[in-house]
Amino acid sequence: MSRPISKATIAAIAFAVLLLALILYQTLALGEYACEVCMEFEGRTKCLTVKAEDEQQAMQTAKDNACSFITNGRAEGFRCSQTPPASIRCQPL
């Protein structure tokens, strides 16, 4: 014989479903722009594509992440981040 489901269990399930829906909404709401940025620094090159809410944020994040791949240490990372990108391609999604 099965036991009836308690109100607390129903509330917990409802909360979990709402939380999952919120996470999916926030995840799918991102990515209005995709930017591919190629950085060249001291003979090394790295291209990365990043999706973000706006074009500027996508470009900056791609640039920072590409620099982190091709530099060693904070000083090089700072100099790389001050270097103009070799190429930038952005498109709305």
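The values are calculated or read from the model by the stated rules, or taken from the named source; none is laboratory data. Model, not experiment: these values are computed from the prediction. With ideal geometry, Cβ positions are generated from the backbone for all residues, glycine too; neighbour counts draw on all protein chains shown.
Only residues that are of a type outside the set (Gly, Ala, Ser) and either assigned to a helix (DSSP H, G or I) or more than 26 Å from Gly77 (Cα to Cα) (or both) were counted in region 1-56, giving 24.
Across region 39-67, which residue is modelled with the lowest pLDDT among those that are among the small types (Gly, Ala, Ser) and within 26 Å of Leu93 (Cα to Cα)?
Taking region 39-67 first, the residues among the small types (Gly, Ala, Ser) are 43, 52, 58, 62, 66.
Keeping just the survivors that are within 26 Å of Leu93 (Cα to Cα) gives 52, 58, 62, 66.
Details: Ala52: 89, Ala58: 93, Ala62: 96, Ala66: 96.
Filtering region 39-67 for residues that are among the small types (Gly, Ala, Ser) and within 26 Å of Leu93 (Cα to Cα), the one modelled with the lowest pLDDT comes out as Ala52.
Given the condition in a strand (DSSP E or B), in contact with a strand residue (DSSP E or B) (Cβ under 9 Å, 6 or more places away or on another chain) and not basic (Lys, Arg), answer yes or no: does some residue in region 76-89 qualify? Steps first, please.
In the first step, residues of region 76-89 are kept if they are in a strand (DSSP E or B); the result is 87-89.
Among the residues that remain, those that are also in contact with a strand residue (DSSP E or B) (Cβ under 9 Å, 6 or more places away or on another chain) are: 87-89.
In the following step, the residues that additionally are not basic (Lys, Arg) were identified as 87-88.
Yes: region 76-89 contains one or more residues that are in a strand (DSSP E or B), in contact with a strand residue (DSSP E or B) (Cβ under 9 Å, 6 or more places away or on another chain) and not basic (Lys, Arg).
Applying the criterion of being touching a helix residue (DSSP H, G or I) at 6+ places or on another chain (Cβ under 6 Å) and among the charged types (D, E, K, R) to the residues of region 34-63, the residue that is surrounded by the most Cβ atoms within 10 Å (Cβ to Cβ) is Lys46.
Scanning region 6-33 for residues that are at pLDDT 85 or above, of a type outside the set (Ser, Thr, Tyr) and exposed (fewer than 10 other Cβ atoms within 10 Å of the Cβ) yields Lys7, Ala8.
Identify, please: which residue in region 64-74 is polar (S, T, N, Q) and not in a helix (DSSP H, G or I) and is, among those, surrounded by the fewest Cβ atoms within 10 Å (Cβ to Cβ)? Reasoning before the result, please.
Of all residues in region 64-74, those polar (S, T, N, Q) come to 65, 68, 71-72.
Okay, now just the ones that are also not in a helix (DSSP H, G or I), so 71-72.
On the way: Thr71: 20, Asn72: 9.
For region 64-74, the residue satisfying everything is Asn72.
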